[in-house]
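Data block below; observations after.
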Amino acid sequence: MTTLRLKTSSPVFNVSPSHYDLAWWQTGIIYEVYPRSFQDSDGDGVGDLRGIQQRLGYLRDLGVDAIWITPFFRSPMADFGYDVSDYCAIDPIFGTMDDFDALLADAHAMGIRVIVDFVPNHTSDQHPWFIESRSSCENPKRDWYIWKDPNPDGTPPNNWEGFFGGSAWTLDERTGQYYLHMFLEQQPDLNWRNPDVIAAMSDVLHFWLKKGVDGFRLDAITILIKHEDFPDMPLDADGTLYGGDLLLQLVDVHNQPDLHPILRRFRAITDSYPGDRVLIAETGAANFDELMQFCGSQLDEVQLPMNLNTMLLPWDARMMRDSISDYYACLLPGAVPNFVFGNHDQSRFATRFGDQHHRAINALLMTLWGAPTLYYGDELGMPDGRILPHQQKDPFTVQYSDFGLGRDPERTPMQWDETPNAGFTPPNVEPWLPIRTTFASSVAAQSADPVSTLHFCKRLIQLRRQYRALNRGSIQFVDDHHPDLLIYLREFEDERILILVNFGALLHSVDASTFASRAELLLTSRMDTPMTQSADSISLRPYETLLLKLVQEVNPDD
Ligand code: GLC
């Protein structure tokens with residue numbers, strides 16, 4: 001076994017004076033709640049707002065700063081709430097407006113902020129606006145959506161395909177025109193070039209801000225404004241539309257400069273309310289420079305354009321390091337990075353990377369420089385659920401079988417205890433998606449086990465809160481591009497914390513004596529067998545993650 005001697009490198013991010021005083025969202029942990037699957041309070045097998053309220057104590061004890069709740073607005077549920085038919089009403093399946101008000105009040109009383117989802121690109125086809133728009137070509141709301149005449153041969157106006165497959169256009173037989181939908185045909189796209197749409201949707205933001213929500217997660221904003229000419233998308237060499245560069249094609253066609261005044265308007269609206277309200281956004285970007293464009297050149301657009309790139313990376317130290325460094329290198333001055341390793345659209349990381357790696361990913365999430373988003377259940381190392389074909393619910397899968405098992409596996413109910421149905425819904429009720437019964441690792445079981453992943457995550461969160469080095473310090477990679485080890489140093493004033501992740505199956509020895517005379521173990525992913533470490537000989541076991549506090553002792557004789 002050779003020893004890796006750590007070397008100083010230039011920090012990929014440096015502390016500036018502004019880092020003494022950061023807003024809550026610049027360091028805070030955002031916890032994503034998928035409301036259908038968090039907690040059912042009324043025994044119908046579907047989670048709801050009261051359920052979330054009942055579990056706030058758990059979230060407070062976990063130590064999160066904010067919850068982002070995915071859509072709970074009135075909806076026919078073609079895309080489980082991402083098809084909204086009334087932006088200012090609660091869908092009865094999730095409860096009432098009183099329930100939301102009570103949840104918000106309780107969350108605030110516990111110091112937890114609440115971010116709601118805003119779905120601006122499209123409404124439901126059952127939204128009164130669309131029903132009117134569809135009624136005739138002369139209806140005043142016709143232009144609120146995107147309607148086009150067929151080509152002379154009757155085919156759709158262009159070759160665009162929806163994200164869920166098939167043409168992005170559906171013919172309305174009665175009026176003889178096609179409408180655009182970048183997702184399901186039940187999700188018609190709004191026309192954001194129409195000032196009345198901008199005004200009506202701005203009213204929605206005001207409605208929720210007046211209630212006191214702390215911000216919005218903006219859904220699918222990359223495609224909000226379409227190319228004015230609606231050009232065909234370029235085809236791949238083999239003549240097909242879908243290919244490796246789909247995203248690039250979409251960005252060319254959809255990521256239009258005219259989007260930015262709209263984002264600035266959203267930001268001006270949130271900034272006009274007291275308190276630090278935040279805009280986070282789902283973004284499709286071909287690279288990190290493009291991702292940063294959503295912040296606006298004056299940092300006057302979205303505060304946190306979500307870095308979804310890390311969810312696409314394999315378990316590979318070099319690729320992880322390169323991606324993280326590239327991202328930091330592209331940050332606009334003053335912008336705050338953010339990391340997302342799991343959400344309701346991607347297979348869970350415990351499944352993607354394998355069971356022995358979820359602690360490492362949680363450690364990266366909580367110790368890299370940037371605001372972390374944690375998807376419910378990932379703090380337990382919850383894997384994807386097993387969904388049999390007859391149990392599939394995601395329209396993505398149900399309508400388009402070529403998409404395999406769709407997004408149901410990552411949306412299975414939270415596992416609270418070891419009773420049948422895991423405390424999510426009563427034992428005699430059928431949950432909307434099956435509980436992953438073979439994963440006997442509920443909140444209750446892990447709470448009782450001092451070396452569980454839940455305890456590991458709680459400790460990470462405590463350390464992140466305790467040490468400014470972790471929540472706002474500079475960061476430098478000191479691993480000399482080792483193929484298996486990702487090692488970085490976080491520093492703030494005299495605090496220095498070393499984070500070491502072993503991506504490989506071999507034991508490694510690491511010498512950090514360039515940096516310190518003593519290394520104090522703060523946390524190891526192998527909580528059951530912690531090892532005392534010394535600065536000049538740190539032992540890193542297969543797949544182990546370590547957090548060490550580095551101390552430089554001053555010799556009194558010096
Ligand atoms: C976003 C959501 C996804 C939804 C889609 C359409 O990508 O994350 O769940 O299906 O938008 O609104």
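Using the 1.4 Å probe convention, the accessible area of segment 128-180 works out to 48 Å² per residue with neighbouring protein chains retained. In a simple Cβ point-charge model (Lys, Arg +1; Asp, Glu -1; nothing else charged), the chain has a dipole of about 1300 debye relative to its Cα centre.
For residue 203, what charge total do you get from the other residues with a beta carbon under 14 Å from its beta carbon, if Lys and Arg give +1 and Asp and Glu give -1? That sum, taken over residues with Cβ under 14 Å, equals +1. For the pair residue 297 and residue 554, the difference between a 0.36 nm per residue extended length and the Cα-Cα distance amounts to 88.0 nm.
Net charge near residue 273, counting Lys/Arg +1 and Asp/Glu -1 over other residues with Cβ under 15 Å of its Cβ? If you can, show how the numbers build up before the last one.
Working: positive: 113, 210, 211, 265, 267, 277; negative: 203, 214, 271, 276.
That sum, taken over residues with Cβ under 15 Å, equals +2.
Can you tally the net charge around residue 92? Count Lys and Arg as +1, Asp and Glu as -1, for every other residue whose Cβ sits under 11 Å from the Cβ of residue 92. Could you put the intermediate results ahead of the total?
Values: positive: 74; negative: 42, 44, 48, 91, 99.
Here the count lands on -4.
Remark: the residue 312-residue 210 segment gains 33.0 nm on full extension, using 0.36 nm per residue and subtracting the alpha carbon distance. Over 23 Å between Cα atoms, which of 141/211; 148/226; 7/549; 393/458 qualify? As for pairs spanning more than 23 Å Cα to Cα, those are 141/211; 393/458. Which of 180, 155, 128 sits farthest toward the positive end of the charge dipole of segment 128-180, with +1 on the Cβ of Lys and Arg and -1 on the Cβ of Asp and Glu? The residue sitting most towards the positive pole is 128.
Applying both filters, DSSP loop and at most 14 other Cβ atoms within 10 Å, to the trypsin sites (Lys or Arg not before Pro) of segment 1-81 gives 7.
If you roll a 1.4 Å probe over the chain with all protein chains in place, what percent of the accessible area is carbon or sulfur?
Working: 10660 of 21120 Å².
Of all accessible area on the chain, carbon and sulfur atoms account for 50 percent.
Considering only alpha-carbon pairs that sit under 8 angstrom and 6 or more positions apart, the relative contact order computed for the chain is 15 percent.
Between residue 24 and residue 347, the modelled label-to-label distance comes to 3.6 nm, taking each label 7 Å out from Cα in the direction of the beta carbon. Percent of C-alpha pairs per 10 Å bin in segment 128-180, short distances first: 26, 50, 23, 0. The modelled label-to-label distance between residue 88 and residue 286, using points 7 Å beyond Cα along the C-beta direction, is 4.1 nm.
In segment 315-453, a dipole from Cβ-located charges (positive for Lys and Arg, negative for Asp and Glu) runs towards its positive end, and of 337, 327, 376 it is 327 whose Cα lies farthest in that direction. Estimated at 0.36 nm per residue, the fully extended path between residue 171 and residue 509 surpasses their Cα-Cα distance by 115.2 nm.
Using square roots of five times the C-alpha gyration tensor eigenvalues, list the equivalent-ellipsoid semi-axes of the chain in whole Å, biggest first.
Numbers: eigenvalues 350, 142, 105 Å².
Taking √(5λ) for each eigenvalue gives 42, 27, 23 Å, largest first.
The values are calculated or read from the model by the stated rules, or taken from the named source; none is laboratory data. Please read all numbers here as calculations on a predicted model, not as lab measurements. Positions of Cβ are backbone-derived with ideal geometry, glycine not excepted, and every protein chain shown enters the neighbour counts. Only protein heavy atoms, including side chains, enter the accessible area calculation; ligands, DNA and RNA are left aside. Shrake-Rupley method; radii C 1.70, N 1.55, O 1.52, S 1.80 Å.
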